[in-house]
Amino acid sequence: MRQSLSFFSSPVFFFLVILFLAKVDANIVNETCQKASQVDKELQYDLCVAALRQDPKSHIADLPGLGIISAKLVKDNATKIGSRIKKLMNDTKSDANLKGCLQDCKLLYSTAELKTKRAIESFKSKDYFEANTAVGAALTDADTCEEAFKESGLKSLLIVEYNSFYQLGAIPLAISFLLI
């Protein structure tokens, strides 16, 4: 009896438990990204996994928690794009059409940031339909920005940022769909 108790208090036992829990925890991200990439065929599985694992809390999160984490990533990305647009506006001195597009995009990404904040709150309150709607609306804002460039006959200065935003946005969108 004494020998079995010593095994449960040994460092080897704790190492095995931690190893098991780490494997189980890592599976939530992998499984979620697998399911999400099946919901949205354009969502890249590897990008999903890498994005969610950026947050150290992802390994202990449940599916709604991953929804919150992914929506925060989208919100942070919208903020980053807004900063990029400000820089481009300061650098662009001559073309009025280009400045107009950038001004429209600045407003649209600012609105997208607010919508993703609403999505975060909706995930927290377990209103997954509203989270889905808010993220979808944020993605529509990004689409509208790109359309502004096309309608003006200009090449988008934000296509790389748009593609990244869209990929990140697909994650909470798919997660909310899985929760509905």
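The values are calculated or read from the model by the stated rules, or taken from the named source; none is laboratory data. The shown structure was predicted, so the numbers you read here are calculated from the model rather than taken from an experiment. FYI the Cβ positions are ideal-geometry reconstructions off the backbone, even for glycines, and counts take in every protein chain you see. Remember, those area values only see protein heavy atoms, side chains included, never the ligands or the DNA or RNA. Shrake-Rupley method; radii C 1.70, N 1.55, O 1.52, S 1.80 Å.
Couple of notes before you dig in:
- Entry remark, segment 153-173: residues being of a type outside the set (S, T, N, Q), surrounded by 16 or more Cβ atoms within 10 Å (Cβ to Cβ) and assigned to a loop (DSSP other than H, G, I, E, B) number 2 in total.
- Hey, residue 176 of a type outside the set (Val, Ile, Thr), open to solvent by less than 40 Å² (accessible area, probe 1.4 Å) and not in a helix (DSSP H, G or I) or not: no
- Those residues of segment 35-88 which are open to solvent by 80 Å² or more (accessible area, probe 1.4 Å), acidic (Asp, Glu) and within 25 Å of residue 129 (Cβ to Cβ), in sequence order: 42, 62, 76
- Candidate set from segment 89-101 (those that are surrounded by fewer than 22 Cβ atoms within 10 Å (Cβ to Cβ) and not charged (D, E, K, R)); member that is farthest from the chain's Cα centre (by Cα): 94
- Among the residues of segment 121-152, those that are over 16 Å from the mean Cα position of the chain (by Cα) and open to solvent by less than 30 Å² (accessible area, probe 1.4 Å) comprise 145, 146, 148, 149.
- Residue list for segment 75-115, filter: under 18 Å from residue 146 (Cβ atoms), hydroxyl-bearing (Ser, Thr, Tyr) and part of a helix (DSSP H, G or I): 109, 110, 111
- Of the listed requirements (1) out of contact with any Gly (no Cβ under 6 Å at 6 or more places or on another chain); (2) under 25 Å from residue 155 (Cα atoms), residue 63 misses just one: (2).
- Among the residues making up segment 105-120, those that are charged (D, E, K, R) and open to solvent by 80 Å² or more (accessible area, probe 1.4 Å) are 117, 118.
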